[in-house]
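None of the figures in this text is laboratory data; all of them are computed from the coordinates on show. Note that the coordinates shown come from a computational prediction; the quantities given were computed from them, not determined experimentally. Every residue, glycine as well, gets a Cβ built from its backbone with ideal geometry; the counts of neighbours run over all protein chains shown.
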Amino acid sequence: MRIMAGRIAGRTAVVTGGCSGIGLATVRRFAEEGANVVIGDLDDAKGPGIAEEVGGTYVHVDVTDKEQVDALFKTAKDTYGSVDIAFNNAGISPPEDDSILDTDLEAWKRVQDVNLTSVYLCCKAALPYMLEQGKGSIINTASFVAVMGAATSQISYSASKGGVLSMSRELGVQFAREGVRVNALCPGPVNTPLLRELFASDPERAERRLVHVPLGRFAEPEEMANAVLFLASDESSFMTASTFLVDGGISGAYVTPV
Ligand SMILES: NC(=O)c1ccc[n+]([C@@H]2O[C@H](COP(=O)([O-])OP(=O)(O)OC[C@H]3O[C@@H](n4cnc5c(N)ncnc54)[C@H](O)[C@@H]3O)[C@@H](O)[C@H]2O)c1
């Protein structure tokens, strides 16, 4: 439902992982609200078509590679003249990342690279532009597992999201008086390919997860996109360094209604 058009009109937004799930819904939402959107992703089959659909720009980027990440933000600046919003969202949740007892070092490192080091690289690339402008909004995708432990562990994933949350908090504090806000989005389970892949092989695991969601369902990506839009726009001007939980009530529940 559109509340008001043009909430980020004329601003330039970089979205990593913009070819699927939460990122794709946010790319569309940002474009609806008037932003120039730069999509950074690995998915060259989908990227150019999505960019055309929203009148934006697609850049092939592996978010674990510093040079490619720097080039992504430079493209935004060179093409549209500013970098106003960075939604650092690309992430993975591979099956090899499981209980600490079964997760080997290679799987651990891969998840840390894609989920955590990438956010460090993206913030490091975006901040100089934003500090020069004296204004900017960074939103990093963490997860509700950054604040709560899960019995069905994905050890590196949870640790990476804890890192994203504390890095976002620290950056939010450091740059608050220079006009740059940094917040962590902490989604509950969202109906995206990432989650469907994880639960397809294990329906019992999906059911177990749902039991703990007071709203009784997984979120749709569009519901996350609305939250990201709020954090990106001036409507959240007094928010920085926050743990922005959009989790269907998970973190508030001791027992859930049945
Ligand atoms: N789906 C959920 O339940 C859920 C819950 C909490 C947090 N999250 C987080 O939200 C973010 C987005 O998740 P989603 O569910 O939309 O996932 P998704 O799998 O639907 O989309 C992820 C996108 O990131 C891209 N990507 C993956 N690795 C990349 C890399 N190295 N470089 C560039 N792009 C890369 C993929 O190509 C894909 O387009 C992730 O950080 C995820 O951890 C998801």
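Taking the Cα atoms only, what angle lies between the long axis of helix 66-80 and the longest principal axis of the chain, rounded to 10 degrees?
For helix 66-80, the angle is close to 50 degrees.
Percent relative contact order of the range 12-245, based on C-alpha pairs within less than 8 angstrom and at least six residues apart?
21
Based on the mean of other beta carbon atoms within 10 Å per residue, what is the order of 84-90, 193-199, 157-163, 63-69, most packed first?
84-90, 157-163, 63-69, 193-199
If Lys and Arg each add +1 and Asp and Glu each add -1, what is the summed charge of the other residues whose beta carbon sits under 12 Å from the beta carbon of GLY172?
Summing Lys and Arg as +1 and Asp and Glu as -1 gives +1.
For the charge dipole of the chain, defined by +1 on Lys and Arg C-beta atoms and -1 on Asp and Glu C-beta atoms about the Cα centroid, which residue among ALA107, ILE139, GLY55 has the Cα displaced farthest towards the positive pole?
ILE139
Could you give the size of the charge dipole of the range 12-245 about its Cα centre, using +1 on the Cβ of each K and R and -1 on the Cβ of each D and E, expressed in debye and rounded to the nearest 20?
640
Relative to the longest principal axis of the chain, what angle (0 to 90°, nearest 10) does the C-alpha long axis of helix 155-175 take?
In the chain, helix 155-175 runs at an angle near 40 degrees to the longest axis.
Give a residue-ordered list of calculated ³J(HN,Hα) values for the range 191-204 (Karplus: 6.51 cos²θ - 1.76 cosθ + 1.60, θ = phi - 60°; whole Hz; x for Gly, Pro).
For the range 191-204, the Karplus-derived couplings read 6, 9, x, 4, 6, 4, 4, 5, 9, 4, 7, 8, x, 5 Hz, x marking Gly and Pro.
So who's got an amide H within less than 5 Å of the one on GLY18, skipping anything under 5 residues away but keeping other chains? H placed 1.01 Å off N, in plane.
Under 5 Å from the amide H of GLY18: GLY40.
Against the longest alpha carbon principal axis of the chain, how many degrees, from 0 to 90 and to the nearest 10, is the axis of helix 221-232 turned?
With rounding to tens, the tilt is 50 degrees.
Would you compute, from DSSP H runs of 4+ residues alone, the mean residue ellipticity of the chain at 222 nm, taking -39500 (n - 2.57) per run and dividing by the full residue count, rounded to the nearest 500?
Value at 222 nm, helices only: -13000 deg cm²/dmol.
Which whole-Hz couplings ³J(HN,Hα) result when phi for each residue of the range 106-116 is put into the Karplus expression 6.51 cos²θ - 1.76 cosθ + 1.60, θ = phi - 60°, listed in order with x for Gly and Pro?
5, 5, 4, 5, 4, 5, 4, 4, 6, 8, 10
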